Structures are given as structure tokens and as C-alpha cells.
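Take a look at the structure below.
The values are calculated or read from the model by the stated rules, or taken from the named source; none is laboratory data. On a predicted model such as this, the values are computed, not experimentally measured, just so you know. Every residue, glycine as well, gets a Cβ built from its backbone with ideal geometry; the counts of neighbours run over all protein chains shown. Calculation scope for accessible area: heavy atoms of the full protein, side chains included, ligands and nucleic acids excluded. Shrake-Rupley method; radii C 1.70, N 1.55, O 1.52, S 1.80 Å.
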Amino acid sequence: MSLDLFSPVTLGSVALNNRMVMAPLTRNRAAEGGVPQAMNVTYYEQRASAGLIITEATPISPMAHGYPALPGIYTEAQIAGWRKVTDAVHAKGGKIVIQLWHVGRISHPSLLPNAALPVAPSAIKPKGQAFTYQGLVDYVTPRALETSELPAIVQDYVHASHAAMTAGFDGVEIHAANGYLLDQFLRDGTNQRQDQYGGSVENRARLLLEVTQAVVDAIGADKVGVRLSPVNPFNDMRDSQPQYTFDYVTQVLNPFGLAYLHVVEGGIHGGGEAEPFDFGAMRKLYKGAYMANLSYDKARANAAIANGHADCVAFGVPFIANPDLVERFAQNAPLNVADSSTFYGGSEHGYIDYPTLA
Ligand code: 8OZ
């Protein structure tokens, strides 16, 4: 029998009942203060049959915020809120890691302490508009971080990782994808720094590697994953040599012995056409467990696992609309269709009221 989505697998120290991962999904439904609330507990608990849940992207500090109603992972109240989530998922036999997030330039002063400017590797304004509490507003030109400010950001990741352990998570995923802070350092369209964090790919990867090392030192490599998106143009991102850049990043992540590498294998969120990229070649460079993501269906996911491309596959939209996606795939049952008008913010409707099989 070849491996498929229903074969158990262990990623670092995290033992999964199956290889169906719930992808990180921004839903904008946290309570005041970035505190997870009752409907968030229900939402994750309903999806606990996934082999692994990756939480929605979660800011590691007040300056890491970039959208309304995000949960955080840096205050006592946030930790207590998340503890209810992890307890509920564990009681159902599931596993859950939290995605650690700093948005960098994808923010707006109205979302930041003292109306601060968003921070970024370089002072380059993204095209497009920020989601704020006042609606869509043009992005502003961010402030370029001083070299001397970077150690404090690394420490924010460490603080958030300890908070995640206190909150009962099985691990953390470092969000280095989709045009947020760490990805802004990796790709040369957003990184025009002159210091040791810009220029060569070795320099552009430095912040991600320092964050990864610090988080690994804090909680152990077997509880840490990293997410990359080499060619996702969302958030006005580009790199002049994506294959070269991300083949390098993949290879320098090998020595950490991480729980997994999670890769968005193309463009998502309607950010435009993704450049060509050989994900098979990148995957072959990686020595550890590989999590694939990008509009996979059951057949393509099973094929990717059977042929050794992926160890597990993350599904996003299907898990929004189908809390029992694992059971539906097992039975070849029809899937509920997701309502995109309720993806970002709102009530319990479109969040915890999708039906399970009878
Ligand atoms: C969609 C809307 C807001 C945030 C990502 C965290 O792309 C996100 C995100 C996606 O990683």
C-alpha cells in the first residue's frame, strides 16, 4: 500500500493522525485586545479531525498587526484565550501549531501603537490598500528598520514562542511567506538595504535565519515549521531571481532539522500571475518533511504524497466550508461551497455554522 492523505505521519515532535493539514487562514474574529473568544474555540474545535491545524496568522507584538480583529500571542489575556483553543482541539485528539506573524509594511498607522508608521526592510510603499477599521485606505510608505532594531524583533518571536508553549500549542510556524516582514527581507523587490541584511541572498536570508535559530533555541527544532511562498506576488511582491533565492533559503534551513517546511506553490489571494518556478527542484533540496499548499484537491494531494513530493498537504478554503473535511474525503462525500463574503471578519455566520455530514 502506498502512502496517502490518511496515513499517519510525525513532523518533528508532532504526531499526526493523517496528512490533511488545515492551512493558516486569516478570519478577523478575535475579541478586543486580540484575545481569542468563544466562537474561535468552537471554530478550531470543529476542525480538530485535521491531522494538524495551523492557526490563523497571529501577530507577535503590537507593531506586528496589520488588519482588524486579529488575535495576538504576546499578552497574558491572549495566552489564556488560546489555551481554551488548544485544550478543545487536544480533547478531540487533534494537534495545533500557531503561525507567528509580523506584517512589516502591510499595515497602516491606524492599526499601530501611537499611529506609528509600519516598519519594513526598506521605505518602499506597497501598491494597494490596507484593511483598516475605517475601511480600505491606501498603504503608506513604511519606515526602514535600523539595523540596531532587528534584535528586538527577533526577541519578539522568542517571546511569542514561549507564550505559545504556555498556551499549550504543539509548536509554532514562522510565517515567512505572502509578502509580510520576513518575506519582505527575503525578496529583493522589497529589500534594498545596504547593511548585512540586504543585497546578497545570504544577507536577505539573515533575518529569517536569526529568527529561526532563536525560536529553535527557545522551544526546540522539533516544534518549529517555516512557511515560504517563492513566487506569490500578493502584497506587491517580486524577486529578480526567485529560484536562486528560494533554493538557497531551502538549503540553509536544512541544518536546523525543523518539524517541517511549508511551501505555497504559486500565487494566492488574487495577487496576480506567479512567475514560473520549479517546486519539484526546490523540494528535492530539502532534507526534512515538506508540506505542500496551493489549491490541492484530494486526488492531487494523494498523488503528491504517493510520489514523494509532499509528506502532507495543507487545505485552506475547503476547511473553511467543511469542518469535517477529513471525513468527507474519506467517504468521497460532496463538499460544502465556501462563501467568500464571510472570510474576513463578521459574526458566527460563515464561521462556525457550516454543516457536517448528517
Ligand atoms: C489574506 C488576508 C489577510 C491576511 C497571508 C495572513 O496571506 C495572510 C492573509 C491573507 O498569509
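Values computed for the structure shown
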{"read-out": "Residue list for the range 168-199, restricted to those being more than 16 Å from the ligand (Cβ to nearest atom) and among the charged types (D, E, K, R)", "value": "D170, D188, R193, D195"}
{"read-out": "Check on R143, open to solvent by 10 Å² or more (accessible area, probe 1.4 Å) and in contact with a Phe, Trp or Tyr (Cβ under 6 Å, 6 or more places away or on another chain)", "value": "no"}
{"read-out": "E173 being over 21 Å from the mean Cα position of the chain (by Cα) and under 24 Å from A259 (Cα atoms)", "value": "no"}
{"read-out": "Flag if N28 is modelled with pLDDT of 95 or more, under 16 Å from the mean Cα position of the chain (by Cα) and open to solvent by 10 Å² or more (accessible area, probe 1.4 Å)", "value": "yes"}
{"read-out": "Among residues of the range 175-210, those that are touching a Leu at 6+ places or on another chain (Cβ under 7 Å), surrounded by fewer than 24 Cβ atoms within 10 Å (Cβ to Cβ) and not in a helix (DSSP H, G or I), counted", "value": "2"}
{"read-out": "Residue match in the range 49-57 (condition: assigned to a helix (DSSP H, G or I), aliphatic (A, V, I, L, M) and within 30 Å of G308 (Cα to Cα))", "value": "no"}
{"read-out": "Selection within the range 325-349 - within 16 Å of the ligand (Cβ to nearest atom) and either in contact with a Cys (Cβ under 8 Å, 6 or more places away or on another chain) or in contact (Cβ under 8 Å) with a residue 24 or more places away in the chain (or both)", "value": "F343, Y344, G345, G346"}
{"read-out": "Within the range 47-106, considering residues that are acidic (D, E) and more than 16 Å from the ligand (Cβ to nearest atom), the one surrounded by the most Cβ atoms within 10 Å (Cβ to Cβ)", "value": "D87"}
